[in-house]
Amino acid sequence: MKFEITDESLENLSELIISNNDKEITALFSEVHFADIAEVLDEVNFEEAIYIIKLLDSEKTSEILTELDEDTREKILKNLSAKEIADEVREMDTDDAADIIGELSKERQHRVISALEDDDHAADIKELLSYNDNSAGALMAKELVKVYETWTVAGCMRRIRGQAKDVTRVHSIYVVDKEDKLVGRMSLKDLIIAKSDHKIADICKAKVDAVNVHQNDEEVAKIMAKYDLEAIPVVDDNNVLVGRITIDDILDVIREEADKDYQMAAGFSQDVEADDTIWELTKARLPWLILALFGGFISVSVLGSFDNAINTFPELFFFTPLIAAMAGNVGVQSSAIIVQGLANDSLKGSLFKRLLKEILQGLLNGFVLAALLMSAGMLFLGFPLDLGITVAASLISVIIIASIIGTFIPIILAKRGIDPALATGPFITTSNDILGILIYFSIAKLVLGF
């Protein structure tokens with residue numbers, strides 16, 4: 001069942017809350033998915049959201065909290081006591097619980113963890129909070145099904161029932177040795193069809209993909225995407241099994257990384273959302289706008305150094321925006337392809353071959369566009385041949401140079417550990433604008449002889 005978010009339905013909900021009709025509110029949300037309830041809480045006012053959270057049982061609200069908008073969740077958590085938050089995270093998997101508690105201050109984190117009645121759950125959450133952000137350790141969940149290679153199938157079936165009840169979905173059964181080191185994996189099917197007296201070591205698959213607890217979450221995402229995995233085990237430096245990462249967590253990583261790259265390409269210096277304050281949006285946008293302004297000053301200076309050319313051949317001025325725009329567009333196209341290849345690990349071959357390919361492609365594109373521009377200028381605008389040659393040669397040169405820059409910069413940034421998405425934004429556009437104008441007037445000086 002889905003709660004339809006309309007003005008009328010939200011007004012009816014407000015009336016139920018005002019009249020303290022708890023029974024009807026509970027009945028209203030009893031069959032509604034927690035993700036849909038989270039959308040409702042993002043729409044209602046804060047007091048109503050708190051009322052609903054405190055009314056519904058923790059089994060449902062624990063799921064709702066994980067789906068809420070970060071700003072809404074932050075406000076709600078501030079108005080819940082440490083005991084109330086502990087009641088919520090008690091129902092969560094360890095990875096979700098660690099994410100929620102990690103948003104609190106250090107002091108509140110300690111109070112919430114101390115309020116947890118399950119010592120093992122509290123210890124697992126503390127362990128996850130100890131790992132660096134964006135690492136596999138911070139991303140993993142402690143809940144998994146683990147069996148020992150010395151067990152028989154019959155004994156294994158009895159023992160895994162207790163583990164499985166704490167795992168939302170059993171993707172794989174992980175096999176360890178007596179020191180808890182990962183030695184293999186198997187599916188439920190492998191276990192069910194095996195003879196009861198067989199040893200686990202005889203039926204498990206020894207080859208198992210795993211990631212280190214300190215590995216970057218983007219690397220984990222690439223591995224899981226490459227091998228089409230629904231879950232992957234996490235091991236420490238001694239190959240001891242410590243947790244697992246599931247595909248839903250990886251989807252969050254991919255989405256966050258895509259959002260970050262998109263915003264960086266659009267010229268934002270930090271993560272923002274449409275509902276953020278004017279000050280937060282300004283802080284994110286202003287640094288790149290200042291860079292663009294500085295680049296504009298340089299462009300004006302370059303134009304000023306060729307004032308004699310513009311006075312002698314005023315027609316040159318009219319093509320300046322065209323040349324600058326083509327330089328920026330080509331640079332962004334080239335860098336976007338490279339950044340995409342770096343992101344999905346599909347960029348193969350040497351840098352020289354990649355640059356050569358871009359040069360040849362830029363040459364082809366440049367000749368086609370230059371021919372169209374030169375023909376249109378001479379046939380319909382009556383430009384002289386020398387001016388047509390100047391604009392055409394400049395366009396070809398600018399496209400080739402912009403292609404090289406758009407290819408070279410993101411690769412260099414990636415090798416230096418800098419996010420290559422930086423090269424698809426105002427940085428590449430502004431630099432190519434300046435370079436395009438400089439190349440244009442330099443070629444004009446050679447051809448027209450001023």
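The values are calculated or read from the model by the stated rules, or taken from the named source; none is laboratory data. Everything quoted here is computed from the prediction, not taken from an experiment. No Cβ is skipped: glycine too gets one built from the backbone with ideal geometry, and neighbour counts run over all protein chains shown. Remember, those area values only see protein heavy atoms, side chains included, never the ligands or the DNA or RNA. Shrake-Rupley method; radii C 1.70, N 1.55, O 1.52, S 1.80 Å.
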Say R0 is 45 Å: what FRET efficiency, to the nearest 0.05, do Glu67 and Asp202 get from their beta-carbon distance? 0.55
What shape does segment 115-210 take by its C-alpha gyration tensor, where a ≥ b ≥ c are the square roots of the eigenvalues and a/c under 1.5 counts as rounded, a/b above b/c as prolate, and the rest as oblate? prolate
Rounded to the nearest percent, how much of the accessible area of the chain (1.4 Å probe, protein heavy atoms only) is carbon and sulfur? 56 percent
Degrees, to the nearest 10: 46-55 long Cα axis against longest axis of the chain: 30 degrees
What FRET efficiency, computed as 1/(1 + (r/R0)^6) with R0 = 45 Å and r the Cβ-Cβ distance, is obtained for Glu74 and Leu188, rounded to the nearest 0.05? 0.70
Order the following by accessible area, largest value first: Val44, Val176. Probe radius 1.4 Å; ligands, DNA and RNA are ignored. Val44, Val176
Given H placed on each backbone N at 1.01 Å, which residues far from Gln215 in sequence or on other chains put an amide H within less than 5 Å of it? Ala136, Gly137
Helix 385-415 sits off the longest principal axis of the Cα atoms of the chain, rounded to the nearest 10 on a 0 to 90 degree scale, by 30 degrees
Contact order relative to length of segment 46-200, as percent, for alpha carbon pairs under 8 angstrom and 6 or more apart: 17 percent
Cross-link reach list, lysines versus Lys23, counting only Cα pairs under 27 Å and skipping chain neighbours closer than eight places: Lys2, Lys54, Lys60, Lys75, Lys78, Lys83
Mind grabbing the accessible area of Lys415 for me, 1.4 Å probe, Å², rounded to tens? 150 Å²
Two-site label geometry, Lys445 and Leu293: point separation in nm, points 7 Å out along Cα→Cβ: 3.0 nm
So what does Tyr131 come to for accessible area, using a 1.4 Å probe and Å² rounded to 10? 40 Å²
When the chain is treated as a GNM, springs tying every alpha-carbon pair under 10 Å, which of Ile389, Ile428, Ile338 comes out with the largest mean-square fluctuation? Ile389
Please list, in chain and number order, the residues 5+ apart from Val145 or on another chain whose amide H is under 5 Å from its amide H, with Hs placed from the backbone. Tyr174
Can you give the accessible area of Arg354, probe radius 1.4 Å, in Å² rounded to 10? 50 Å²
Net length gained if the chain between Val170 and Leu286 were fully extended (0.36 nm per residue, minus Cα distance): 37.0 nm
Of the candidate values (i) 20.2; (ii) 30.2; (iii) 37.2, the one computed for mean projected area of the Cα convex hull in nm² from this structure is (ii)
Tilt of helix 58-67 relative to the longest C-alpha principal axis of the chain, in degrees (0 to 90, nearest 10)? 10 degrees
Go ahead and set up a Gaussian network model of the chain, Cα springs under 10 Å, then flag whichever of Pro287, Pro314, Pro233 fluctuates most. Pro314
Quick check for you: with a 1.4 Å probe and neighbouring chains kept, what is the accessible area per residue of segment 20-152, in Å²? 50 Å²
Lysines whose Cα lies under 30 Å from that of Lys195, excluding same-chain neighbours fewer than 8 positions away: Lys142, Lys146, Lys165, Lys178, Lys181, Lys205, Lys207
